[in-house]
Amino acid sequence: MNVWAVVKSMDFKQLWSLFWLSARHPRFVIPTIRGTRKTVAICNKYYGKKQHLNGPENAFRHALWNMLIVHLSVQRGLPLQRSLAWAKRFTDWHEDFSPNAPLERAMDLHNNRVGRDLITNLCGQDEEQLVAQLLEMVPLSRKRTTLKEIKRCDTTLVHLE
């Protein structure tokens with residue numbers, strides 16, 4: 001799916017919310033669009049349609065998305081802490097505008113955070129190195145069935161299937 005298709009699928013309230021979010025943080029818009037496109041392309045390359053299920057591939061996608069938003073923002077000269085805060089704000093907004101069941105939402109938010117935590121430790125590496133590091137984490141992803149179990153996983157990717 002491309003960015004334009006996502007925008008076209010939004011209702012007025014979602015579009016208005018996205019507009020104001022972007023208008024308040026214009027310097028982050030381009031890195032976010034680029035990060036989103038790159039995430040989709042990388043996930044399609046490695047996992048195809050499996051990335052849209054609730055398995056380790058989905059965990060990879062969420063973590064990578066956050067990593068690339070931060071990475072590309074920092075490359076544009078934006079401060080790391082502001083880039084991390086933006087990635088959290090934007091990806092949390094995404095979870096609000098496309099609601100999931102509580103367990104799926106918790107999984108997505110957890111994997112988003114893992115991606116942001118990882119990029120904090122790997123800042124300065126190139127994109128290929130970031131992807132390689134994250135790919136090594138996919139087989140270590142832990143299946144979880146409750147919110148409590150997800151909260152107990154600190155730095156590990158989690159999945160439901």
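If you take the residues of segment 102-145 that are assigned to a helix (DSSP H, G or I) and of a type in the set (Gly, Ala, Ser), which of them is farthest from residue 90 (Cα to Cα)? Across segment 102-145, the extreme among qualifying residues is 132. Has segment 5-24 got at least one residue that is assigned to a helix (DSSP H, G or I) and farther than 19 Å from residue 98 by Cβ? Within segment 5-24 (the criterion being assigned to a helix (DSSP H, G or I) and farther than 19 Å from residue 98 by Cβ), the answer is yes, since at least one residue qualifies. Taking each residue of segment 146-157 that is in a helix (DSSP H, G or I) and looking for partners that are exposed (fewer than 14 other Cβ atoms within 10 Å of the Cβ) and not polar (S, T, N, Q) with beta-carbon atoms closer than 8 Å, six or more apart or interchain, yields 147/102.
Restricting segment 99-136 to residues that are among the acidic types (Asp, Glu) and touching a helix residue (DSSP H, G or I) at 6+ places or on another chain (Cβ under 8 Å), which is farthest from residue 153 (Cα to Cα)? Per the criteria, the residue is 127.
Screening the candidates 61, 37 for the property of being out of contact with any Lys or Arg (no Cβ under 6 Å at 6 or more places or on another chain) and either outside any helix (DSSP H, G or I) or buried (at least 18 other Cβ atoms within 10 Å of the Cβ) (or both) yields one hit, 61. With respect to residue 95, determine if the residue is in a helix (DSSP H, G or I), under 20 Å from residue 21 (Cα atoms) and modelled with pLDDT under 95. Taking the combined requirement at face value, the residue satisfies it.
When 87, 106 are checked against the criterion of being of a type outside the set (D, E, K, R), farther than 12 Å from residue 64 by Cβ, surrounded by 17 or more Cβ atoms within 10 Å (Cβ to Cβ) and in contact (Cβ under 8 Å) with a residue 24 or more places away in the chain, 106 stands alone in meeting it. When restricted to residues that are touching a residue at least 24 places away in the same chain (Cβ under 8 Å) and either over 14 Å from residue 117 (Cα atoms) or out of contact with any Cys (no Cβ under 9 Å at 6 or more places or on another chain) (or both), segment 66-84 contains 12.
The values are calculated or read from the model by the stated rules, or taken from the named source; none is laboratory data. All figures in this text were calculated on a predicted structure; none of them were measured in a lab. Quick reminder, even Gly has a Cβ in these numbers, built from the backbone with ideal geometry, and neighbours come from all protein chains shown.
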